[in-house]
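Scroll down for the structure; my scribbles are underneath it.
Values quoted throughout were computed directly from the atomic coordinates according to the rules given, and no laboratory measurement underlies them. Model, not experiment: these values are computed from the prediction. Heads up, the Cβs are rebuilt from the backbone with ideal geometry, glycines too, and the neighbour counts pull from every protein chain shown.
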Amino acid sequence: MSRSPAWDLEVLKLRRSSVARTAALVLVLGTTSMAAVFTAVGLAGGDSQMALKVRPMLQGEGWVAYLGLLAQVLSVAMLLCAGVVVSWSVGREFADGTIACLLALPTPPRAVLVAKLGSVLLGAAASTVAAVALALPLGALAGLGPPGAEAVGPALRAVAVGLLGAVLVLPLAFVASARRGYLPGVGALLGVVVVTQVATVAGAGAWFPWAAPGLWAGMGGAAAAGAVTPLQLLLALPVGAAGAVAAARWWSRAELR
C-alpha cells in the first residue's frame, strides 16, 4: 500500500524547515553537551557557583548521574522544542495562507493533520534516541569511562522522558488549529511551562502530566523521583491522545478556507 501524499509532504516540510532543524540540533547537541559539561563540573568537587547549583541535580555517581541529568534536561528541552515545532507545523498553514493548497491534496484534512503530528512525533523520537546515543561517547570523553550495565536503566529512562515530552505537546495542535496560527500555540506552550512550575512548587507536580516526567528524571530530588508512580507517568498518553483527537476532529469539521 502506498504512503499518503500528505505524509510525504509533511516529512519533507520538516526536513527542510529551519524551525524543525534548529529544534533537532538543540535536542541532540544542546542537551548532550549541557549534560556533559554540567556533570563534569558537578562531579569535579569544586566550589564554583555552577558546581554548587549543578550538584543537587546529580543523582548518584558516574554514568547514573550523567544520564540522569540528561533526562532532566531532555524533559524541559523536549517540551519546548517539540511544542514550538507542533505549533509551527499546524499553525503556519493559516498564518501563511497555504491551507488552500493542503485542501487540494487527494487526502482528507483530518489525514493531513494526522500526518503533521505523526511526522513531528517521529522526528522527536529520532532526536531523543540520537541524543542518548551521542551522550555515550561524550560521557566517555568527559572521563566517565566506558558505559557498563549501570548505564542501561538511566539511558532507557532518558529515552522514556523524551518520548513522554513529545506526546505531551500534542494538545498544542488543537490550540494552533482553533486559533488559526502558530503564535497561539506558542503562547499556550508558555502557559503550560508556567503552570507546570506552579504545580510543582505546590506539591502537585506528580499528578500534573507535564511535570511528572521531569520529576521522575530527578528534577525534584531522589525522593520526589521515587514517589512518581507509573500511573502518573502514563497520564501523558491520554492527555496527548485527547489533544490529537480534538485537533483531528476540528480539522474534520471546521471551515478551513
How much mean residue ellipticity at 222 nm does the chain get from its helices, if each DSSP H run of length 4 or more adds -39500 (n - 2.57) and you divide by all residues, to the nearest 500 deg cm²/dmol? -23500 deg cm²/dmol
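How would you rank 184-192, 85-93, 111-119, highest first, on the average number of other Cβ atoms within 10 Å across their residues? Write down the numbers at each step before the final one.
Values: 184-192: 18.6, 85-93: 25.3, 111-119: 22.2.
So the peptides 184-192, 85-93, 111-119, ranked by packing, come out 85-93, 111-119, 184-192.
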Report, in degrees rounded to the nearest 10, the 0 to 90 angle that the Cα long axis of helix 152-168 makes with the longest principal axis of the chain. 30 degrees
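Which value, in nm² and rounded to one decimal, describes the direction-averaged projected area of the C-alpha convex hull of region 1-70? Present the calculation step by step, with values, prior to reporting the outcome.
Working: hull surface 28.3 nm².
Convex hull of Cα atoms, orientation-averaged projection: 7.1 nm².
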On a 0 to 90 degree scale, rounded to 10, what angle separates helix 236-253 from the longest Cα axis of the chain? 20 degrees
Taking the chain as the reference, fit the longest principal axis to its C-alpha atoms, fit the long axis of helix 5-16 to the helix C-alpha atoms, and give the angle between the two in degrees, 0 to 90, nearest 10. 50 degrees
Note, Val186: beta-carbon cut-off 13 Å, +1 each Lys/Arg, -1 each Asp/Glu, net +2
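If region 157-257 were replaced by its equivalent ellipsoid, with semi-axes equal to the square roots of 5 times the Cα gyration tensor eigenvalues, what would those be, largest first, whole Å? Please list the in-between numbers first.
Values: eigenvalues 163, 39, 19 Å².
Square roots of five times the eigenvalues give 29, 14, 10 Å.
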Per the C-alpha gyration tensor (a ≥ b ≥ c, the square roots of its eigenvalues), region 79-209 is rounded if a/c is under 1.5, else prolate if a/b beats b/c, else oblate; here it's oblate
Please state, rounded to one decimal and in Å, the Kirkwood hydrodynamic radius that region 5-253 gives when every pair of distinct Cα atoms enters the mean of 1/r. 18.6 Å
Got a sec to turn the phi values of region 189-194 into Karplus ³J(HN,Hα) couplings, 6.51 cos²θ - 1.76 cosθ + 1.60 with θ = phi - 60°, whole Hz, x for Gly and Pro? 4, 4, x, 4, 4, 5
Per-residue ³J(HN,Hα) for region 86-91, Karplus 6.51 cos²θ - 1.76 cosθ + 1.60, θ = phi - 60°, Hz, x for Gly and Pro: 4, 4, 5, 4, 7, x
Residue by residue through region 124-140, the couplings from Karplus 6.51 cos²θ - 1.76 cosθ + 1.60 with θ = phi - 60°, in Hz, x for Gly and Pro, are 5, 5, 4, 5, 5, 5, 5, 5, 5, 5, 5, 5, 5, x, 5, x, 5
Cα centroid separation - region 169-187 against region 53-132, whole Å: 14 Å
Fewest to most Cβ atoms within 10 Å: Ser48, Ser75, Ser17 sort as Ser48, Ser17, Ser75
Dipole of region 5-253, positive end: most advanced residue of Ile99, Ala20, Ala246 [Cβ charges, Cα centre]: Ile99
